[in-house]
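Trainee: Before I ask anything, let me first share the structure, which is written out below as structure tokens.
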Amino acid sequence: MFISTYKLKTWLNWPPVCAHLCTFAVAFSFSSTWRVPRDAFRYGGLVYALILTVVFVVVALPITLLQLAIGQLSQQDAVGVWRAVPFFKGVGYIRLLISILALVYTSVFVALSFTYLLYTISNSIPFWECQYIVVPDDDETYIANATSCFNETFLAPVSEKPEYYVAVSLVIIVLSTLLPFTLFGPFKFMKRILYVLGPIIFVLGIVIICCIGDRSGLTTFYNSADILNMLNPSIWYGALIQALLASQTANGYLILAGDSIYTNTNIHWTSLIFTGTNVAACWFGLIFWHSVSRGVDRDTSPVAVLVETYKAAVEKELNTAWPILIFILLLLSGIVTMLTLLYPVFDHCRRFGGPKWRYTAIMCSLASVGGALAALAGGLIALSAIEDLAVPLLISIATVAEVLAFLLIYGRKTLVEDVEFLNGKPLASYWIIGWFVAPGAVLAFTMWWAVTWLIDDTKWQESPWEAILIVATFGAAVAIFVIFAAISVAKQMQYDAISKLQASFRPSRHWGPRDPIAHYYWLARREESERNLPRTSYRRQLGQFSGNASFSHISNSVSSKSSLENKKRSNSDDWMYTEYRRKYLEQMYPDIIQHSKKRSMSLDYSVVTKANFVITDIHISREATNIVPELNNNNPSVPG
């Protein structure tokens, strides 16, 4: 059946479809294609996958709903949402710090993938620089160790082979220069990139599995000895951090996406779809790498997937095209990851950086480039320290502080009412229970991992750089929190320090929906809840928060002339305000309103009762005015 271009464009502009195309792309970021297989090689495939799935459902899913709700309601970024509790504004900046630090090692991994892609195109595998062992009896050549091969090339120490360091550094600089330009303009350009990259990564993975996948590798997916790893705190803590990274709740991307991508979606269904898609993508990554790589002595270093690609190409004697396709898959996945990390930082610079916000954004990007070059010089040890110690600890601190601040200080009841305001339906008890369980689980696993790590004697036999990094990371998080808390307290308009401190724990006047109608009824519902008054029904219109018209708006299906002719008029310029005012008065004064609606049976009856209707109308107006102030009184706490 022929599909017209108009219909195709209309379907592609359908907000839920576009939103979940971005969900599909983000699910195939480095979280599922790089980190998950590496951790599975460390702890066991099936055991790690099951633990990761449980953590997704118990911890990541409730936090996903929380961040989507506060992002969609306030239309702010990870820093702006703390207008709800200004004292905790530093948590938002910790989220941005996580983005910058994650961008440091992600840039190195993407640059390595791109460098090995170019090197494989120009040189066949195995690389000529690698160490070889020649067996005279068979007259065959074997690779001694793929990891040592990588250490002889682009991961070699700078002092020994500076030419390789310069090559990777140039790739990092070029990538970090080009990608920010996608975020300087409208956000639509970034979304269109995600629309394309998600399906390409998935199709590439399917093609590679079908052509070079090996069932023998899947036999090592489960090993009975791996069950003992469930007593290791590292597997639980690693799965926890992986779930928070994959669900995009770690760096503030999901809060911002609630305003830009998921503005016109149901947050309940979006949370379920987002989490389910990420779980499926993680399982897909595990199956992919277990089928491609060999099951003996898999690498567990930070670049495990690169090493396993090289080993598979050598041991299976694959055509050069297959490792090239794998490197392309990793490169595209890394680009998606870098965009999701850059976007919160650049958007915050755009919101609060003034007219020259691009210069501030470039400085942040240059800071991440400098960190990436320094980490590359430090080798795998430096990359592992940032990825496995500093960033996870910051994620744990920010997650616990964020959830507890909204539950205990902003208020559980208020938070539930905000979510119900967005969806127009009561919130299920599972989500509320999950909000209380999530910070407890994060805190418990973090303390278990930290205590076990610190009491390990082997960690202190060498130079205690990792212990110093843990202490420095925790100190930096506390310093950021205290500094921005002090700034928030100082900006309050009260007269003494105690009043300023108390005011910093209450929502500012800028908190809430930016749309005037939505903000009005949001305040009205909160006031009604406090006074136990009948709840005003409110159903926000599609596109109301974003300012975009609905895809099914009449202007998309009929001409503008006919739409104006058929437009439903009212006596008020604000139809929505008039309708909800009438409904509210019907709830509060049903007898009076029903009496005023009685129609006259004859002309004489209308003439005789005219005075009574005038008196009744005046009575209604006075009663309504006493309870429902007019909108222009600057007191929209009760619906009018």
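Trainee: Considering each of I267, I255, I261 in turn, give the residue that is in contact with a helix residue (DSSP H, G or I) (Cβ under 8 Å, 6 or more places away or on another chain), touching a residue at least 24 places away in the same chain (Cβ under 8 Å), open to solvent by 10 Å² or more (accessible area, probe 1.4 Å) and under 29 Å from F346 (Cβ atoms).
Mentor: Within the list I267, I255, I261, the selection yields I261.
Trainee: Among the residues of the range 114-157 satisfying the criterion of being at pLDDT 50 or above, aliphatic (A, V, I, L, M) and farther than 20 Å from V174 by Cα, which is most open to solvent (accessible area, probe 1.4 Å)?
Mentor: Checking each candidate, the answer is I125.
Trainee: A further question follows. Based on what the data block shows, is V168 modelled with pLDDT of 80 or more, outside any loop (DSSP other than H, G, I, E, B), open to solvent by 40 Å² or more (accessible area, probe 1.4 Å) and of a type in the set (V, I, T)?
Mentor: Considered against the rule, which asks whether it is modelled with pLDDT of 80 or more, outside any loop (DSSP other than H, G, I, E, B), open to solvent by 40 Å² or more (accessible area, probe 1.4 Å) and of a type in the set (V, I, T), V168 comes out as no.
Trainee: Quick one: which helices (runs of 4 or more DSSP H) lie wholly within the range 273-378 and hold at least 3 residues that are of a type in the set (S, T, N, Q) and at pLDDT 90 or above?
Mentor: Counting at least 3 such residues, we get 321-352.
Trainee: Quick test for you: out of I235, I227, pick the one residue that is among the hydrophobic types (A, V, I, L, M, F, W, C), open to solvent by less than 30 Å² (accessible area, probe 1.4 Å) and modelled with pLDDT under 95.
Mentor: After applying the criteria, what remains is I235.
Trainee: Which residues, taken from the range 431-459, are open to solvent by less than 30 Å² (accessible area, probe 1.4 Å), touching a Ser or Thr at 6+ places or on another chain (Cβ under 9 Å) and of a type outside the set (G, A, S)?
Mentor: Within the range 431-459, W431, P439, V442, T446, W449, W453 meet the criteria.
Trainee: Another question, then. Against the condition open to solvent by less than 30 Å² (accessible area, probe 1.4 Å), closer than 26 Å to L332 by Cα, out of contact with any strand residue (DSSP E or B) (no Cβ under 6 Å at 6 or more places or on another chain) and assigned to a helix (DSSP H, G or I), how does I208 come out, does it pass?
Mentor: Answer is yes for this residue.
Trainee: Right, another one. I'd like to verify a number: residues in the range 270-294 that are farther than 20 Å from L52 by Cβ and either free of Cβ contacts under 8 Å to residues at least 24 places away in the same chain or open to solvent by 10 Å² or more (accessible area, probe 1.4 Å) (or both), how many?
Mentor: 1
Trainee: Also: From the list L393, L407, exactly one residue is surrounded by 13 or more Cβ atoms within 10 Å (Cβ to Cβ), under 21 Å from the mean Cα position of the chain (by Cα) and more than 21 Å from L97 (Cα to Cα). Which is it?
Mentor: The match here is L407.
Trainee: Need the failing condition index for L73 against (1) touching a helix residue (DSSP H, G or I) at 6+ places or on another chain (Cβ under 8 Å); (2) surrounded by fewer than 23 Cβ atoms within 10 Å (Cβ to Cβ); (3) farther than 27 Å from I287 by Cα, just the number.
Mentor: For L73, the failing item is (2).
Trainee: Out of A398, A428, A375, A382, report the one residue that is farther than 26 Å from R526 by Cα and open to solvent by 10 Å² or more (accessible area, probe 1.4 Å).
Mentor: A382 is the lone residue from the list that is farther than 26 Å from R526 by Cα and open to solvent by 10 Å² or more (accessible area, probe 1.4 Å).
Trainee: Same structure, new question: I'm trying to understand the selection: among the residues of the range 161-177, which are more than 16 Å from A375 (Cβ to Cβ) and within 29 Å of the chain's Cα centre (by Cα)?
Mentor: If the condition is that a residue be more than 16 Å from A375 (Cβ to Cβ) and within 29 Å of the chain's Cα centre (by Cα), then V174, T177 are the ones that fit.
Trainee: Would you please list the contacts, defined by Cβ atoms under 9 Å and residues six or more apart or on different chains, that run from a residue in the range 421-448 that is over 26 Å from I397 (Cα atoms) and modelled with pLDDT under 95 to a residue that is open to solvent by 60 Å² or more (accessible area, probe 1.4 Å) and of a type outside the set (F, W, Y)?
Mentor: G424/R539
The values are calculated or read from the model by the stated rules, or taken from the named source; none is laboratory data. It should be emphasised that the depicted structure is a prediction, and the values quoted were computed from it without experimental measurement. Positions of Cβ are generated from backbone atoms using ideal geometry, with glycine treated the same way; all protein chains shown enter the neighbour counts. Ligands, DNA and RNA are excluded from the accessible area calculation, which covers all protein heavy atoms including side chains. Shrake-Rupley method; radii C 1.70, N 1.55, O 1.52, S 1.80 Å.
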